[in-house]
Amino acid sequence: MGRTRAKDTEHPQARLDHGGIARIEPSEFTSGFELIVDGTPQSHVDLDDPTHLHFEYIVRMGAVIDQLTSPGAALTAVHLGAGALTIPRYIDATRPGSRQQVIELEAPLAALVREHLPLPRGASIRIRIGDARSGAKKLPPALTGACDLVVSDVYSGAQTPAHLTSVEFYTELRTLLSPTGVLLVNVADGPGLAFARRQVATIAHVLPEVAVLADTQVLKGRRFGNLVIAASASRLPTEWLPRMLAAGPHPAKIAQDAEVTAFAQGARIVTDADAVASPKPDASLFLR
């Protein structure tokens, strides 16, 4: 049975351009707040401690980001999909001086977050409104080949739009990366992992070094969940990740090299011509 919740009207909310509702609620599990879009939890933010990462897949993204360049060094990053800006806030807190660009489709969502979950003073985080794919093409030319990190974490409701899953899309993102830059992609999939396997095959076609981070049961295709795909033109800095992920707070596995090859074996590369949105999870997954 779901838990009793306060009336939706008691929480700050905004009607989105696509007709849905975005709402900010105090977290029922931990400190901080959650951004809920059309009933789907999208982000968790702790204003008092931006290094507090609550969602499991975000913890895994943070673990990869911690390995980039020198510890504490400023990064140049592009984020596709804003949510409540959890990862940009994390980078700002752990790597002062970082320059970050965020592309968010929904202006009402960005305004809601700015008002009720304000960014830290002095944070160099610029939010651009527009479609993630077309917006990435309009970024300043100085970012081409200069990004240490590109994050693709775009959801319309609980699904990634089809045009953000193709080899053409990932080829466009590759142009933003520095020679050692890393692409992080959040993929949600269920039993069988047909969608995730195609995404891994597609990204590996564009960037040769690929790792997949996920809960062991999710990685085996036994339940619906999030997989983080990390990719680069250079060897990924993952030497310490297996130990870190196994220790928690959300134990997970990292698949690399031969395991990634086996994971994607037989999966067709996604093109613009045959791209589809990610699978929609069962509504019961988000009962609160």
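Distant-in-sequence amide contacts of A277, defined by a placed amide H-H separation under 5 Å and a gap of 5 or more residues or a different chain, comprise A162. Sequence-ordered 3J(HN,Hα) estimates for the range 257-271 from the Karplus curve with 6.51, -1.76 and 1.60 and θ = phi - 60° stand at 6, 4, 5, 5, 4, 5, 4, 9, 4, x, 7, 7, 5, 7, 10 Hz, glycine and proline given as x. Put a dot 7 Å past the Cα of R223, heading toward its Cβ, do the same for A142, and the two dots end up 4.7 nm apart.
For the pair S31 and S234, a Förster radius of 51 Å applied to the C-beta separation gives a FRET efficiency near 0.85, rounded to the nearest 0.05. Here the contact order of the chain, divided by its residue count and restricted to Cα pairs under 8 Å and six or more residues apart, works out to 17 percent. In this rough spin-label picture, where each label sits 7 Å from Cα along the Cβ direction, the L47-Q67 distance is 3.5 nm.
Centre-to-centre separation between the Cα atoms of the range 64-90 and those of the range 150-224: 17 Å. Evaluating 6.51 cos²θ - 1.76 cosθ + 1.60 at θ = phi - 60° for every residue in the range 71-78, the Karplus couplings come out as x, x, 6, 5, 10, 9, 9, 10 Hz, glycine and proline recorded as x.
Pick from A273, A136, A252: which is most flexible by mean-square fluctuation in a GNM of the chain where alpha carbon atoms under 10 Å apart are linked? For the chain, modelled as a Gaussian network with Cα springs under 10 Å, the answer is A273.
Which of V78, V182, V206 ends up with the largest GNM mean-square fluctuation for the chain, with Cα atoms connected below 10 Å? For the chain, modelled as a Gaussian network with Cα springs under 10 Å, the answer is V206.
Per-residue Cβ neighbour counts within 10 Å put K138, K280, K253 in the sequence K138, K280, K253, beginning with the fewest. Taking Cα pairs under 8 Å and at least six residues apart, what relative contact order does the range 12-86 come out at, in percent? Contact order relative to length: 21 percent.
The rule of thumb for compact globular proteins, 2.2 N^0.38 Å, goes into the C-alpha radius of gyration of the chain 0.94 times.
The numbers here are math on the coordinates, done by the rules we state, and not lab data. In this text, all values refer to a predicted model and were calculated from it rather than measured experimentally. Here Cβ is always computed from backbone atoms with ideal geometry, including for glycine, and neighbour counts include all displayed protein chains.
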